[in-house]
Amino acid sequence: MQRRTFLKTSALAAPAVASTSYLSPLHAQQPPPEGLAQKAEQISEKIFGNDGLSIPIATTPKVSPLAKGLDRTMVLGGGGEYYIAWYCGFFHGLLEAGLDMAGLPQMVVGTSAGSYMGSSLLSGHFKRLRTEMDFFGEFPKIFAKLAPTTNPNASQLRAMEINMSATDGSIETRQVIGRAALAADNRLNGSRVEALAALLTGDSKTDWPTPKMFTSSIDCYTGERLIIGQASARKNKIPLAHAVAASSSLPGIVGPTLLGQRYGMDGGMCSNPAHVDVVAGSKRALVITLTDGVTGPILTKIPHPMAQNIKDIESVGTKVKWIVAGAPDGINLTDPRQIQPALRAGYERAKREAAQIKAFWA
């Protein structure tokens, strides 16, 4: 009976427990235990700190060790199915103008749609991707079945709305979006998105065939920026097709995708969406993005100060030619019906840009 009385009175008097003799002054003076969040961060760093995938986004202008000493580099930003098709038309037009964009750059950094295009160019599969996009432009319903993005469920809507509620690109914001991405029941997920990437690009599912290709992604758990190249990919057993899939894993729509033992989401989920800082220090960088970061269609509300990103790499000596592809206002960038008009728009733009790109690379 005495024990029951003690437990009952203790429960009812919980606010006053600190003043009882059961918590001595000595105990009260001890420093508080370390927070679990901080401990978790330390554990994550201990386990993943040496995998070579995390490269922090530069907050001040500085030369990238990956680009130091290189002459020509190329950066390809993201923008959904629309932008994959636009790239296909654009690089087809450049090829007709005598510009082999597979051989000219010494390094290509691709994000989302740009990872598809860069890997296809450098692996020798561009014509295949161009033919496939021609086909899907004629038959968008077939592509819609391969990559279903309509009629999202509740968990997908949550991830999509959280992404579109972001107001900054901090690592904390990326962690919140990443958590929602991990919890989304996407129909285009895991092995399905990896298989689609392999189908579209023709890239090997077991290797990283070109040392010039780098893809970007954001770690869903830590919010870290991940840059994957041949060396880090082989160390972590990441096929190029998987890295492409992760780079284009848009929260609530696609993925996330495993990169070694990290789950990655779309590389555009940060304030340097094309990751131009990775080529800082190269002599010349051709940067191609869908928008200028201010106007045009978007896939996230995270602010994208593209002009400042480019000024930063120019300040360390990199000469930049920046091409903004543009897209019609109000379009859905993940709608397969936009493939055919995007192919035409990219091809026509190439005819206007080819001479200037030749002069820039000369």
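Tabulated values for the structure
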item: Condition met for VAL320 (among the β-branched types (Val, Ile, Thr), under 20 Å from the mean Cα position of the chain (by Cα) and under 28 Å from ASP168 (Cα atoms)); result: no
item: Selection within segment 145-182 - under 30 Å from VAL294 (Cβ atoms), surrounded by fewer than 15 Cβ atoms within 10 Å (Cβ to Cβ) and at pLDDT 85 or above; result: LEU157, GLU161, SER165, THR167, ASP168, SER170, GLU172
item: Given (1) open to solvent by 20 Å² or more (accessible area, probe 1.4 Å); (2) modelled with pLDDT of 95 or more, number of the condition MET265 does not satisfy; result: (1)
item: Some residue of segment 278-292 being within 21 Å of SER54 (Cβ to Cβ) and under 13 Å from the mean Cα position of the chain (by Cα); result: no
item: Matching entry among ILE142, ILE84 (being in contact with a Phe, Trp or Tyr (Cβ under 8 Å, 6 or more places away or on another chain) and modelled with pLDDT under 85); result: ILE142
item: Residues of segment 203-241 that turn out to be touching a strand residue (DSSP E or B) at 6+ places or on another chain (Cβ under 9 Å), open to solvent by 10 Å² or more (accessible area, probe 1.4 Å), more than 21 Å from SER282 (Cβ to Cβ) and polar (S, T, N, Q), as a count; result: 2
item: Residue within segment 326-339 that is open to solvent by less than 40 Å² (accessible area, probe 1.4 Å), small (Gly, Ala, Ser), under 20 Å from TYR87 (Cβ atoms) and not in a helix (DSSP H, G or I) present; result: yes
item: Scan of segment 190-202 for residues that are surrounded by 24 or more Cβ atoms within 10 Å (Cβ to Cβ) and hydroxyl-bearing (Ser, Thr, Tyr), ordered by number; result: THR201
item: Among the candidates MET101, MET107, residue that is farther than 22 Å from ILE238 by Cα and either out of contact with any helix residue (DSSP H, G or I) (no Cβ under 6 Å at 6 or more places or on another chain) or open to solvent by less than 40 Å² (accessible area, probe 1.4 Å) (or both); result: MET101
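The values are calculated or read from the model by the stated rules, or taken from the named source; none is laboratory data. Please read all numbers here as calculations on a predicted model, not as lab measurements. Quick reminder, even Gly has a Cβ in these numbers, built from the backbone with ideal geometry, and neighbours come from all protein chains shown. Accessible surface is based on the protein model in full, side chains and every heavy atom, while ligands, DNA and RNA are left aside. Shrake-Rupley method; radii C 1.70, N 1.55, O 1.52, S 1.80 Å.
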